[in-house]
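Before any comments, here is the structure.
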Amino acid sequence: MGATLSADVLEDDMAISLARVLASANRRARELNIDVPESLITITQLIDNVPCWRINYGPKDYVGRRGGDLVIEVDATDASIKQVLHGQ
């Protein structure tokens, strides 16, 4: 599923960085047997010394469920995985 991005999107540094971060996190999530399309994904920007994004994968049908989320923290500068947390 390819898409052609317009020039204004390609010039948006944050959009490109976030796309790289999400692709990296999705790759790791799939390695950990997470069904990415069936997950409710939330993204949080962390303010540390290094720009970082926290990607949370949880169930779409979360009502009445507790825990079990996968949280992946990704360095925004190079899209490397910093930390992987499994919910209980």
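Taking the Cα centre of the chain as origin and assigning +1 to Lys and Arg Cβ atoms and -1 to Asp and Glu Cβ atoms, the resulting dipole is close to 440 debye. The gain in end-to-end length when the ASN49 to ASP8 segment is fully stretched comes to 11.9 nm, 0.36 nm per residue minus the alpha carbon separation. Using C-alpha pairs below 8 Å separated by at least 6 residues, the relative contact order for the chain is 24 percent. Highest mean packing comes first when the peptides 73-83, 28-38 are listed by Cβ atoms within 10 Å, giving 73-83, 28-38. Between the entries (1) 1.06; (2) 1.01; (3) 0.93, the label attached to Rg/Rh (Cα atoms, Kirkwood Rh) calculated for this structure is (2).
No value in this document is a laboratory result; all are computed from the given coordinates. Computed from a predicted structure; not experimentally measured. All Cβ positions, even for glycine, are placed from backbone atoms using ideal geometry, and neighbour counts span all protein chains on display.
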